[in-house]
Amino acid sequence: MAGISLKKVVKRFGVYEIIHGADLEVADGEFVVFVGPSGCGKSTLLRMIAGLETISDGTVSIGGRIVNDIEPADRGVAMVFQSYALYPHMTVEQNLSFGLRMTGHDKADVARRVKRSADTLRISELLKRKPRQLSGGQRQRVAIGRAIMREPQLFLFDEPLSNLDAELRVQMRVELARLHKELGVTMIYVTHDQTEAMTLADRIVVLNAGNIEQIGAPLDLYDDPANRFVAGFVGSPKMNFMAGRIVETNNGAAIVELVNHRGARLRKPAVDAPAVGSDVVIGVRPEHFFNAGEGDCDITIKADVAEHLGSVSYVYANAGREELIIEREASRQRANGDHLTVALRADRSLLFDKTGARVR
Amino acid sequence: MRLRTQTAYAFLTPYLLVFLAFWIWPIANSFWLSFLNTRSANWTFNPRVTWGRLLVDPAFANALWNTLIILVIQVPIMIALATVLATLLNSSMLKARGLFRFAFFAPVVVGEVAYAAVFRLMFNHEFGIINKMLAVASVPAIPWLSSPNAAMAVIIIAVTWRWAGYNAIIILAGLQSIPEDVYEAATLDGVSKTRQFFFITLPLLRPVIVLCVVISVIGTMQLFSEPFLITNRGGPGQATETLGLFLYRQAFGAFNFGYASAIAYTIAALAIVISLINLWLGRERE
Ligand SMILES: Nc1ncnc2c1ncn2[C@@H]1O[C@H](COP(=O)(O)OP(=O)(O)OP(=O)(O)O)[C@@H](O)[C@H]1O
Ligand SMILES: [Mg+2]
């Protein structure tokens, strides 16, 4: 078992720098999830830890040992690929045992590990089948089973569930959580899926365009994002962003007026507030709109569409050029063109300066 | 018949007529011919002098033997070479891949007569470049085109040169269909590159390789141009006479069309049988 440490890790493909100096400490046994938009470098970072991509600059250590120049096989990591990467011509059993057989492990030991791995992943009945005779979920299980064969100190998952249907995804997610508890090893997991990230992670690493934007526990990122990018990325539906302007600053607070809602003002504590007249952004999550009069200020919007999900409803509205999503109690009313007044609360909204950095 | 169907057939008719006249009719007619004695003034039914002769004719046995020898030596060497070439072509280290791909494919489109003439020159006893190079390595000159075994070797080398690249391109397509992450998984499992080749690449290439073997077997069974042009009609003597050449000699040398038809059917039957054996050996085992 091992923790991981990335220090100023840089990746370049030719002249393009893809990862711009990532720093990350992962504790032994921790479950860390990488999230970020497509193309931000999640897979690249994961593959650098695995040894499938060279490290252009900086160091990667696993278990206290710098592994930059260590062969992938000697890093003690196992990886599960999005496409499963099973050996198509081998049975499940052969898939599981291939690596160990090829590296001269004792036959009895291999057989014992195959059995244990198959039991853990509940694939014992499938051992004689070839990958093409398996369903997506079964294949993914085999891929994970193969990963645990070598008893690695570190598991890497690159979007392992993204090819599965929604129901299976939930099921596999629970199994992964169980596996993490059972094995107690360090896991790094790449995903696009908010729910996977929020439910599985001890800590989430939010990446954007090759930079680590924030690292933190799921609810910390949700409650207290470091910047506008993280605020917009974590949480679903997305946080609303409304244009604002600083109209007054006094003893550690800033009064912000919402540009598209005349007269709506919020008083936000701000140690280092931008100057009066600066453009700022107020972020409010869909679930943080309150009934009219129950907050610090009211805004009135015209609803375009309402989505009724049964348990809640989402009202989509346009104010100025801003698209707003407002969560309301469950309802069955059509909302076309209705005017709706809702309240904002200063302690349930976030203030960002115009570069996107959080102002507190 | 509905109008649409009629229209379709109307459009197909020219092709079907050509197909009938130049494919079906010769195939059917030669089958009939193979039972006739075509050396008498009026052709009479007499399979003894066609099919019966195949069993006892030493010249046929010689041509069959030569063809099988070439097949057994040339096809495996060529396919192995093609696999190696394809693997090199697929290497990420290779620059100018397109150029190499074209270069390997080029021999197929070179005119047969031109290529045969070049080979004759290269393997010329006195001033061919091959013997010159052997001389540099202090190997005595080999009478390539006048020694039976050496002439066979020249044929095998020529055919291999001509078709190895072609097969390599087919195998390359097979290689490129193997997903990269399978190798990455094996690398993480600690499996060496060599073992990856033998335990992952080769098994996954098997269908493609079987296809190449079948194509090559069919080609070699019909081998004609090389012994006709390079070793001057199967020379020295009949040392490199293949079934294709023997067929040609019977049909257009001796005008014995009945016997030639029987030979043609034998070639086709052998090609089918050997191909089926290959397909069976290379089948997917569960
Ligand atoms: N071999 C390569 N050569 C050049 N650029 C590459 C290479 N591999 C990846 N990139 C680039 O690096 C960037 C990050 O790619 P990466 O695959 O890590 O993204 P990702 O975050 O995993 O995206 P996704 O969520 O779509 O899987 C992309 O802009 C991609 O184009
Ligand atoms: Mg990716």
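Data for the structure
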| quantity | calculated |
| --- | --- |
| Cβ-Cβ FRET estimate between A:Thr199 and B:Ala106, R0 fixed at 51 Å, reported to 0.05 | 0.30 |
| Within chain A, helix-based [θ] at 222 nm, where runs of 4 or more DSSP H residues each add -39,500 (n - 2.57), nearest 500 | -7000 deg cm²/dmol |
| Cross-link partners of A:Lys107 among aspartates and glutamates (Cα-Cα below 15 Å; sequence separation of 8 or more within a chain) | A:Glu93 |
| Highest-MSF residue in chain A out of A:Ile70, A:Ile49, A:Ile246 [GNM, Cα springs under 10 Å] | A:Ile70 |
| Protein accessible area in the protein assembly as shown, 1.4 Å probe - carbon and sulfur % | 60 percent |
| Interface size B-A, as summed buried accessible area [1.4 Å probe, Å², nearest 100] | 1800 Å² |
| Computed magnitude of the charge dipole of the protein assembly as shown (debye, nearest 20; Cβ of K, R +1, Cβ of D, E -1) | 2300 debye |
| Listed residues A:Tyr16, A:Pro88, A:Pro218: farthest to the positive end of the dipole of the protein assembly as shown (Cβ charges) | A:Pro88 |
| Pairwise label distance in nanometres, A:Val10 with A:Arg345, each label 7 Å out on the Cα-Cβ vector | 4.7 nm |
| Most positive-pole-ward Cα, A:Ser135, A:Leu156, B:Leu172, against dipole of the protein assembly as shown from beta carbon charges | B:Leu172 |
| Zone of B:Ile170's modelled label, taken as backbone nitrogen in the range B:185-216 under 20 Å from a point 7 Å along Cα→Cβ | B:201-216 |
| Cα-Cα P(r), the range A:240-359, percent of pairs per 5 Å interval | 2, 12, 22, 24, 17, 11, 7, 4, 1, 0 |
| Rounded Å value of the spacing that divides the Cα centres of the range B:78-96 and the range A:311-360 | 60 Å |
| Cα-projected label distance for A:Glu323 with A:Asn291, points at 7 Å along beta-carbon direction, nm | 3.1 nm |
| Listed residues B:Thr201, B:Ala150, B:Ser275: farthest to the positive end of the dipole of chain B (Cβ charges) | B:Ser275 |
| Net charge dipole size for the range B:44-199 [Lys, Arg +1 and Asp, Glu -1 on Cβ; Debye, nearest 20] | 300 debye |
| Solvent-accessible area per residue, Å², over the range A:240-359 with all protein chains present [probe radius 1.4 Å] | 52 Å² |
| The range A:1-73-the range B:22-38 distance, computed between alpha-carbon centres (Å) | 72 Å |
| Relative contact order computed over the range A:4-233 (Cα-Cα under 8 Å; 6+ residues apart), in percent | 28 percent |
| B:Ser91/A:Asp23 FRET efficiency (R0 30 Å; Cβ-Cβ; nearest 0.05) | 0.25 |
| Cβ-Cβ FRET estimate between A:Asp338 and A:Asn251, R0 fixed at 56 Å, reported to 0.05 | 0.85 |
| Computed [θ] at 222 nm, helices only, for chain B once each DSSP H run of length n ≥ 4 contributes -39500 (n - 2.57) | -22000 deg cm²/dmol |
| GNM top mover of B:Ile24, B:Ile130, B:Ile157 - chain B, alpha-carbon springs below 10 Å | B:Ile24 |
| Heavy atoms of A:Phe233 accessible to a 1.4 Å probe, total area in Å² rounded to 10 | 50 Å² |
| Proximal lysines to A:Lys11, defined as alpha-carbon separation beneath 26 angstrom and excluding residues fewer than eight positions away on the same chain | A:Lys42, B:Lys95, B:Lys193 |
| Spacing of the two label points (7 Å from each Cα toward its C-beta) at A:Asn260 and B:Lys193, in nm | 5.7 nm |
| If the convex hull is drawn through the Cα atoms of the protein assembly as shown, its volume per residue in Å³ | 290 Å³ |
| Area of B:Ile155 that stays accessible when all protein chains are in place (1.4 Å probe, Å², to 10) | 0 Å² |
| Cα-derived Rg over Rh, computed across chain A with Rh taken as Kirkwood radius | 1.07 |
| Choice from B:Arg233, B:Arg195, B:Arg97 showing the highest fluctuation, given a GNM over chain B with Cα pairs closer than 10 Å | B:Arg195 |
| Beta bridges by DSSP in chain A, antiparallel share as percent, to the nearest 5 | 80 percent |
| Residues in the range A:47-95 occluded by at least 20 Å² - accessible area, probe radius 1.4 Å, against chain by itself | A:Arg47, A:Leu52, A:Pro72, A:Ala73, A:Phe81, A:Ser83, A:Ala85, A:Tyr87, A:Pro88, A:His89 |
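The values are calculated or read from the model by the stated rules, or taken from the named source; none is laboratory data. All values derive from a computational prediction rather than experimental measurement. Counting neighbours? That spans all protein chains shown, and the Cβs are built from the backbone with ideal geometry, glycine included. When the accessible area is computed, the model is the full protein with side chains, heavy atoms only, and any ligands, DNA or RNA have been set aside. Shrake-Rupley method; radii C 1.70, N 1.55, O 1.52, S 1.80 Å.
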